[in-house]
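Q: Here it is, the structure in full.
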Amino acid sequence: MRSRHHDIADDLRQQVTDGSFLPSERLPSETALADRYKVSTVTLRKALAVLQREGLVEKIHGKGNFVRRPHRKIVYVGGWGTLDPWTAAEPDSRVTIRSTALQAQAHLATLLKVPTGSLVVEFTCLSREGESPRGLARVYMPHDLVPPGALDNASTYKEAATRAAFLGPPPAAAQETVSARHPTQDEASALRIGITSVVLSVIRIATNSTGRVVEAALLAFPGDRVDAYFTTDPVIDERQNKG
């Protein structure tokens, strides 16, 4: 027998798709909707959870449930780790940056190739399209490579952070590890997605001409909103060159 919450989800979905509820519009309260459908709030929340998993409805803590606006795709261009100019230049896009100095523990020390306990700087960059988060970046740099004043005024990195580009000078080389995985609790909260959703994860390690790691970036994008492109040079068989 079909569950009541699926019938409610179907009815609400129809109202979203036919325009009865407009993008970014707040739905009636859960109590009001439960009264309308003559069900408990538990059943009503199950119905809303169906629409949240489908990406039609977004629940914002303390504000209610909203119809999600259709998201433009984010395009991540690998190799030099930037968002394409069209994505980065969206007039409705903005980024917030928080910086802090901390001691590198095991995993971070390994990424930066520094002794455990070394002083590093973390830049946490959250980009949004309107009110909807679209990407989270945690960028780490050895403390001695961070320009003076950067900790007092992280806005100096706004342009680079908006493009998910390198915060420091262009490196000599960059290595990126890309994977699809479930978000951490912090990522799910920041990106407003479910813990069972999928994110595109990019771990980018940048080195200078001497081989020193100058930056480690941990990037996470909602998996349903991002395309990643990578261009590689063709492999040339040395035997052909000798011939």
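Q: Which numbered condition trips up LYS63, out of (1) surrounded by 15 or more Cβ atoms within 10 Å (Cβ to Cβ); (2) among the basic types (Lys, Arg); (3) modelled with pLDDT of 85 or more?
A: (1)
Q: Then there's this: Does THR41 qualify as being outside the structural domain of SER179 (by TED's automatic domain parsing), polar (S, T, N, Q), loosely packed, with under 13 Cβ neighbours inside 10 Å and out of contact with any Lys or Arg (no Cβ under 8 Å at 6 or more places or on another chain)?
A: Working: outside the structural domain of SER179 (by TED's automatic domain parsing): yes; polar (S, T, N, Q): yes; loosely packed, with under 13 Cβ neighbours inside 10 Å: no; out of contact with any Lys or Arg (no Cβ under 8 Å at 6 or more places or on another chain): yes.
In short, no.
Q: What do you reckon, is ALA206 under 26 Å from VAL146 (Cα atoms), surrounded by 14 or more Cβ atoms within 10 Å (Cβ to Cβ) and of a type outside the set (D, E, K, R)?
A: Numbers: under 26 Å from VAL146 (Cα atoms): yes; surrounded by 14 or more Cβ atoms within 10 Å (Cβ to Cβ): yes; of a type outside the set (D, E, K, R): yes.
For ALA206, the condition - under 26 Å from VAL146 (Cα atoms), surrounded by 14 or more Cβ atoms within 10 Å (Cβ to Cβ) and of a type outside the set (D, E, K, R) - is met.
Q: When you look at PHE166, is it surrounded by 18 or more Cβ atoms within 10 Å (Cβ to Cβ), in contact (Cβ under 8 Å) with a residue 60 or more places away in the chain and over 11 Å from the mean Cα position of the chain (by Cα), yes or no? Quick ask: steps written out before the conclusion?
A: Details: surrounded by 18 or more Cβ atoms within 10 Å (Cβ to Cβ): yes; in contact (Cβ under 8 Å) with a residue 60 or more places away in the chain: yes; over 11 Å from the mean Cα position of the chain (by Cα): yes.
Yes: the conditions hold for PHE166.
Q: Among the residues of the stretch 44-58, are any free of Cβ contacts under 8 Å to residues at least 12 places away in the same chain, of a type outside the set (Asp, Glu) and in a loop (DSSP other than H, G, I, E, B)?
A: No: zero hits.
The values are calculated or read from the model by the stated rules, or taken from the named source; none is laboratory data. Just so you know, these numbers come straight off a predicted model, no measurement behind them. All Cβ positions, glycine included, derive from the backbone under ideal geometry; neighbour counts span all protein chains shown.
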